[in-house]
1. For region 45-53, take each phi angle, set θ = phi - 60°, evaluate the Karplus expression 6.51 cos²θ - 1.76 cosθ + 1.60, and give the result in whole Hz per residue in order, putting x for glycine and proline.
2. In vacuo Debye scattering of region 144-263, one point per C-alpha: log10 I(q)/I(0) at q = 0.12 Å⁻¹?
3. Read phi for every residue in region 165-175 and hand back ³J(HN,Hα) as whole Hz from Karplus 6.51 cos²θ - 1.76 cosθ + 1.60, θ = phi - 60°, with x for Gly and Pro.
4. If you rank F195, F33 by fewest surrounding Cβ atoms within 10 Å, what's the result?
5. What is the set of long-range amide H partners of R249 at a cut-off below 5 Å, with H atoms built 1.01 Å from backbone N?
6. Would you mind giving the three semi-axes, in whole Å and largest first, of the ellipsoid equivalent to region 22-274 according to its Cα gyration tensor?
7. Tally Lys/Arg at +1 and Asp/Glu at -1 over every other residue whose Cβ is under 11 Å from the Cβ of P221; what's the total?
8. Quick check: from the Cα gyration tensor, does region 22-75 come out rounded (a/c under 1.5), prolate or oblate?
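Derivation of every value follows stated rules applied to the coordinates shown; laboratory data play no part. Predicted, not measured: the structure shown is a model, and the values here were computed from it. Neighbour counts are summed over all protein chains in view; Cβ atoms, including those assigned to glycine, are modelled from backbone coordinates with ideal geometry.
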Amino acid sequence: MESTTSAAAAADLADPPLPAAGDDDPAALAERFEPAAAEELVAWALDRYAGRLALVTSLQAEGVVLLDLAHRLAGGRPGGLDGLLRVVSLDTGRLHPETYDLVDRVRERFGVEVELVFPEAAAVEALVRRAGPNLFYASPEARRECCRVRKVEPLARALAPFDAWLTGLRRGQSAARRATPKIGLDGNDRTGRRFKLAPLADWSEERVWRHVRERGLPYHPLYDQGYRSIGCAPCSRPSRPAEPARAGRWWWESDEARECGLHLVTIGVGGTRAGANGGRP
Ligand code: SF4
């Protein structure tokens, strides 16, 4: 009898039941992790959301740094990153050719699958037939419609199985990202329960590049041509050092408008609305 009880207790200790992600309090977590190092938040996420965690990256320097942190932190565990984290990237159909080369280099370096997610072909066809292939230059509304079809909807679909995702957002990238919490709720998730984690929120651009160089990480070759933020080819261009890092994205629009909608709203400390939309819901 005694040994059965001990065995049951040991099994409990070995495999504690995980509470549902929705039981976590976003405001309390945001407060707890605000002073934490990036590694601490990534390590916690790998434990807390093991198998239910995605790293969403367009393979800019920040995303590769995050993958490097996760890869190193998972290194001591059986199976490494497998089973803990999946790497997701949006293939909008309008990426730079160099981005695809980088996908291969990242796969090789970390031994992970980079899961490319595509927009619905029928939705892209309808959009292009109606408004033309370069509709994004016509108006902010047309640009946002293209981002919605090619980015926001595919990501919402891809994230459905996950309880949390990691993103390389940094507060210093633009005015709209200044209030990015390190942990909050994904404002695009209709269930209101998926967590969005930005462990590099308080990193500077210099710190990101120091990490890339010290670790010899693969990076997008367009950075060497003056790009500081790289997305779709028709919507990215180089920017000057004195400009905000994202000044080369949708450069024909005003500063506040320059977001694709992936990071529209997150809920941070105290349940406040904040994030990459400048506070607009
Ligand atoms: Fe379309 Fe440009 Fe948005 Fe890419 S960044 S989805 S091409 S509007």
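1. 5, 4, 6, 5, 10, 3, x, 10, 10
2. Ignoring solvent entirely, the Cα scatterers give -0.49.
3. Those phi angles translate into 9, 9, 9, x, 3, 10, 5, x, 6, 6, 4 Hz.
4. In order of increasing Cβ crowding within 10 Å: F33, F195.
5. R237
6. Values: eigenvalues 141, 87, 74 Å².
Its equivalent ellipsoid spans semi-axes of 27, 21, 19 Å.
7. Local net charge: -2.
8. Working: a/c = 1.73, a/b = 1.54, b/c = 1.13.
In terms of gyration-tensor shape, prolate.
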